[in-house]
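Here is the structure we will look at.
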Amino acid sequence: MSELVFVKLGGSVITDKTLLEAARPAVISRLAREVAFARAERPAFRLILGHGSGSFGHTAARRYGTREGVHGVDAWRGFAEVATVAARLDRIVVDALQEAGVPAWSLQPSASAYCDGGELVSMELAPVIHALEHGLVPVVYGDVALDRSQGGTIISTEQIFAYLAGHLHPDRMILVGVVDGVFESDPLREPAARPMPEITAANWASVRALLGGSHGVDVTGGMLAKVEAMVELARRMPGLEIQLISGEPPGALQAALLKSSSASAGTTIHW
């Protein structure tokens with residue numbers, strides 16, 4: 001069976017999270033070309049791509065408090081608005097992938113995702129499985145979802161990846177952000193800061209104490225929530241390798257996908 005790799009393009013790298021609905025089209029196009037190059041080098045790759053909402057969905061979700069639940073007419077209007085804005089960024093990403101030659105197919109998570117208390121409990125798997133079987137690259141993204149106990153909520157790409165991983169068992173997961181992994185201090189404020197090579201059962205407690213929020217608006221909890229979700233996934237799936245890298249240096253994603261000797265170490269989570 002060919003290698004299955006999940007790749008997330010974080011909202012921090014594909015948008016400017018300090019501005020409203022500010023995509024970074026040049027960066028998105030470059031990352032799409034790197035994915036296309038890696039697929040050409042390794043035709044047997046099976047890829048599932050996901051991306052964050054960055055300055056698109058997060059800003060609208062913060063305005064309406066969608067993450068905490070959806071109650072009342074205005075809140076449901078907001079729910080629909082968040083879905084629309086998130087899909088707008090998805091269209092930009094998928095168009096760039098298609099232009100680069102990647103057979104990307106957007107799968108709207110909110111069309112089938114169902115939550116309970118903010119936890120993703122079900123989502124349709126058949127479209128993802130069929131897409132992979134036919135050589136397509138399914139694309140998912142942070143989106144709204146109906147919720148049994150609180151009306152509606154927001155689901156992050158990490159939640160979607162964790163759900164899919166439990167059923168599809170990927171070999172690797174690569175999370176692409178604006179910084180090169182997890183740092184002991186903020187690398188955007190302290191340029192000399194260095195990434196932690198790995199997060200394991202042995203050092204997780206101390207790493208967790210160091211993590212804070214994210215730059216810009218992020219209603220899904222910032223870096224801490226994202227790393228916590230990946231640590232929990234690594235705990236449940238021993239042997240899964242989860243890399244956190246920066247997508248800012250040209251070629252970094254390509255090198256990570258191909259396991260090139262020039263690949264940035266970033267931070268690897270494994271249990």
message: If packing is taken as the average count of other Cβ atoms within 10 Å, what order do 162-173, 45-56 fall into, highest mean first?
response: 45-56, 162-173
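Take the chain, mark every one of the GluC sites (Glu not before Pro) that falls in a DSSP loop and has at most 14 other Cβ within 10 Å, then report the longest stretch left between them, sites excluded.
Details: sites that count: Glu3, Glu124, Glu184.
For GluC sites (Glu not before Pro) (loop position, at most 14 other Cβ atoms within 10 Å), the longest site-free span of the chain is 4-123.
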field: Rounded to 5, percent antiparallel among DSSP beta bridges of the chain
entry: 30 percent
statement: Note, Asp116: beta-carbon cut-off 14 Å, +1 each Lys/Arg, -1 each Asp/Glu, net -1
task: Step through the residues of region 38-43 one at a time and calculate ³J(HN,Hα) from phi using the Karplus curve (6.51 cos²θ - 1.76 cosθ + 1.60, θ = phi - 60°), rounding each to whole Hz and writing x for Gly and Pro.
output: 4, 5, 5, 6, 10, x
message: Test of understanding: in a Gaussian network model of the chain with alpha carbons linked when under 10 Å, which of Gly247, Gly239, Gly11 would top the mean-square fluctuation ranking?
response: Gly239
query: Residue separation times 0.36 nm, minus the C-alpha to C-alpha distance between Tyr114 and Arg91: what's the value?
result: 6.0 nm
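Quick check for me: using +1 on Lys/Arg Cβ and -1 on Asp/Glu Cβ, what's the dipole size of the chain about its Cα centre, in debye to the nearest 20? Kindly include the intermediate steps, with their values, before the conclusion.
Numbers: 23 positive and 29 negative charges, 42 e Å.
Taking the Cα centre of the chain as origin, the dipole is about 200 debye.
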Shape metrics for the chain, restricted to C-alpha atoms - Rg then Dmax, Å: 17.4, 54
statement: Taking placed amide H atoms and a strict 5 Å upper bound, the residues 5 or more places from Lys8 or on another chain that come that close are Gly50, Ile174, Leu175, Val176
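Which FRET efficiency value, to the nearest 0.05, do you get for Glu184 and Glu228 by plugging their Cβ-Cβ distance into 1/(1 + (r/R0)^6) with R0 = 25 Å?
On the way: r = 17 Å, r/R0 = 0.69.
Step by step, r from the Cβ atoms, then E = 0.90.
No value in this document is a laboratory result; all are computed from the given coordinates. Computed from a predicted structure; not experimentally measured. Note that each Cβ is placed from the backbone with ideal geometry, even for glycine, and that neighbours are counted across all protein chains shown.
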